[in-house]
Amino acid sequence: MIPAYLSNPFAAVFGGGKPIDGGRTYKDGRRILGDGKTYRGLFSGIFCGFLAGCVEVWLSFRGFEILGIEMPGFGPDYTSSLIVVLALASGALFGDMFKSFFKRRMGLKRGASLPLVDQLDFVVGAWVFTYLAAPEWFVSNFTPGIMLTVIIITPLLHLTTNIIGYFIGVKKEPW
Ligand code: CTP
Ligand code: K
Ligand code: MG
């Protein structure tokens, strides 16, 4: 989950500039996505999550081997592992963007809180993308027990990092 967990905060750190919806509004007269979803945030977030995943992949193939530690691997090879990592990082931000679309349709302004949905959007996005990209890897790694654990600890982790983000000034709201 590390690539998914990191893409969100890095989007907040590096985000800004041109919004993905280009400032356009939907049929309901409200913004399609809003100013909180920018190209810079999307690409820098995916890039940082992917980079972190590359380190994980390297560790799981080489680092732990050098250290003599047995670790559950990623895919059968580097290429399929990098696909998994890319799916986790990008799925997280697409899930977040999808959520923003629905928040705007509900009449919620950029940054308005939608409890639990704000904390789990990126998990669902990451899982959907990963399932589509590597279904076998997904079912053997995301067992029901692991998925339940992620669903329980993620809102807590998310709130903690967002409170930090709020105090260092990269988040406008602490959620
Ligand atoms: N961000 C971005 N591009 C993205 C995602 C996030 O630029 N694709 C940046 C924006 O500056 C955003 C901040 O990260 O304000 C925090 O992200 P998030 O909480 O997801 O956005 P909100 O501003 O709360 O907007 P929304 O109500 O649509 O969730
Ligand atoms: K978010
Ligand atoms: Mg928000």
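The values are calculated or read from the model by the stated rules, or taken from the named source; none is laboratory data. Keep in mind it's a predicted model, so treat the numbers as computed, not measured. Note that we place each Cβ from the backbone using ideal geometry, even for glycine, and neighbour counts take in every protein chain shown. When the accessible area is computed, the model is the full protein with side chains, heavy atoms only, and any ligands, DNA or RNA have been set aside. Shrake-Rupley method; radii C 1.70, N 1.55, O 1.52, S 1.80 Å.
Percent of accessible area on the chain owned by carbon and sulfur, 1.4 Å probe?
Exposed carbon and sulfur together represent 72 percent of the surface.
Would you please classify the overall shape of the stretch 89-153 from the alpha carbon gyration tensor, given that a ≥ b ≥ c denote the square roots of the eigenvalues, rounded means a/c under 1.5, and beyond that prolate means a/b larger than b/c while oblate covers the rest?
On the way: a/c = 3.65, a/b = 1.85, b/c = 1.97.
It comes out oblate by the Cα gyration axes.
Take every Cα-Cα pair in the chain and report what % of them are more than 30 Å apart.
It works out to 20 percent of all Cα pairs.
Using per-residue counts of other Cβ atoms within 10 Å, averaged over each peptide, order 1-10, 95-104, 144-153, 110-119 from highest down.
1-10, 95-104, 110-119, 144-153
By how many degrees, between 0 and 90 and to the nearest 10, does the Cα long axis of helix 78-105 differ from the longest principal axis of the chain?
20 degrees
Of L59, N8, L108, which is farthest on the positive side of the dipole of the chain, counting Cα position, with +1 on Lys and Arg Cβ, -1 on Asp and Glu Cβ, and the Cα centre as origin?
Result: L108, furthest along the dipole toward the positive end.
List the relative contact order of the chain as a percent without decimals, with contacts defined as Cα pairs under 8 Å and 6+ residues apart.
Once divided by the residue count of the chain, the mean separation gives 23 percent.
Can you tell me the length gained on complete extension of the stretch T25 to F43, counting 0.36 nm per residue apart and subtracting the Cα distance?
4.2 nm
Please work out the average accessible area per residue across the chain, using the 1.4 Å probe convention, and give it in Å².
Details: 9800 Å² over 175 residues.
Spelled out: the 1.4 Å probe surface of the chain, per residue, equals 56 Å².
Using the crude model of +1 on Lys and Arg Cβ and -1 on Asp and Glu Cβ, and no other charge, please compute the dipole size for the chain relative to its Cα centre, in debye to 20. Don't skip to the end; give the middle numbers.
Working: 16 positive and 12 negative charges, 241 e Å.
Dipole of the chain, to the nearest 20 debye: 1160 debye.
Starting from 0.36 nm per residue, how many nanometres of slack lie between L157 and K109 once their C-alpha separation is accounted for? Please report the intermediate quantities before stating the final value.
Working: separation 48, 0.36 × 48 = 17.28 nm, distance 2.40 nm.
Working it through step by step, the gained length comes to 14.9 nm.
Using θ = phi - 60° and the Karplus relation 6.51 cos²θ - 1.76 cosθ + 1.60, list the HN-Hα couplings for the stretch 138-150 in order, rounded to whole Hz, with x at every Gly or Pro.
4, 5, 7, 9, 8, 6, x, x, 5, 4, 5, 4, 4
Rank-order 59-68, 38-47 by packing density, defined as the average count of other C-beta atoms within 10 Å over each peptide's residues, highest first.
Most protected by this proxy first, the peptides run 38-47, 59-68.
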